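The values are calculated or read from the model by the stated rules, or taken from the named source; none is laboratory data. Keep in mind that this is a model prediction, so the values were computed, not measured. With ideal geometry, Cβ positions are generated from the backbone for all residues, glycine too; neighbour counts draw on all protein chains shown.
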Amino acid sequence: MSSTYVPPKVWTWEQPSGGKFASINRPIAGPTHEQALPVGHHPLQLYSLATPNGQKVSIMLEELLALGHAGAEYDAWFINIGKGDQFSSGFVEVNPNSKIPALMDRSGPEPVRVFESGAILLYLAEKFGALMPQGAARAEALSWLFWQMGSAPYVGGGFGHFYAYAPEKFEYPINRFTMEAKRLLDVLNRRLGEARYLAGDAYSIADIAAFPWYGGLVKGWLYEAAEFLQVQEYTHVIRWADEIAARPAVVRGRMVNRASGPLEGQLRERHDASDFELRTQDKLEQKD
């Protein structure tokens, strides 16, 4: 296959990358503007968006609350990545990588920042002593947690970008990342054919991490690609995804910081458990 593009000897940033998320891509780090982050009344402050990575943490927090951990009460603030909220000085202080989600724990004498979704899940599991098995199952849970963190760029930045978001469609990258996405689904399917959950018998942070990505794929929530990927082949993943999707805490967690899709599935900000019941049409239709 020939290509008309010949890479230069030295790459320079001369124009936006194109595509749906062109405005958030740049080759430098650091803030673009001064703006402090809001702070609510709870010990945990979540700054996020209901992408698959963002859903991990809101699901985790809702699961902790469902288990009776009152200290897991949190404020969830909407970060509009399309408008560059993640490049504010306040956000960069919490996450120097300028990616959602980011968490500030203000429960101690000094605030603690935690960034990267997998790190946040592990931090919360250890803080509350929940959703992390012990012994050999702990090693299994950690292995699958890091597997998900390592595989997400292939599913999102690879398959999702070139299949759904790239301004032009090219056969090579779509084939390359489709092959990898299907291989990863097969890895997951084989594991879930031998165990109810990724770590074994117990639901854990490994499942919470993997569900928004791989559950989203097989349930048709991501990239409108279920038919393209022939997800019906992954029967064990479908069984697992259906079970997790039905958990009340997961239903709530998927709504948090969501401002797109059906109105009944949106909760732009979350500051109290009652917000899920007290949503009004006016709140749902808030504009940026």
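General observations
- Selection of the range 13-42 for residues being outside any loop (DSSP other than H, G, I, E, B) and modelled with pLDDT of 85 or more yields only His33.
- Residues of the range 111-142 classified as free of Cβ contacts under 8 Å to residues at least 12 places away in the same chain and polar (S, T, N, Q), total: 1
- Criterion applied to Ile24, Ile100 was being farther than 17 Å from Leu122 by Cα and β-branched (Val, Ile, Thr), and the one residue passing it is Ile24.
- Number of residues in the range 43-77 that are more than 19 Å from the chain's Cα centre (by Cα) and within 11 Å of Arg270 (Cα to Cα) equals 1.
- Of all residue pairs spaced 6 or more apart or on separate chains, those with beta-carbon atoms under 7 Å, a first member in the range 29-57 that is aromatic (Phe, Trp, Tyr) and a second member that is in a loop (DSSP other than H, G, I, E, B) are Tyr47/Leu37; Tyr47/Ile79; Tyr47/Ile100; Tyr47/Pro101.
- Candidates Leu61, Leu37 - the one that is at negative phi, crowded, with 24+ Cβ neighbours inside 10 Å and in contact with a strand residue (DSSP E or B) (Cβ under 7 Å, 6 or more places away or on another chain): Leu61
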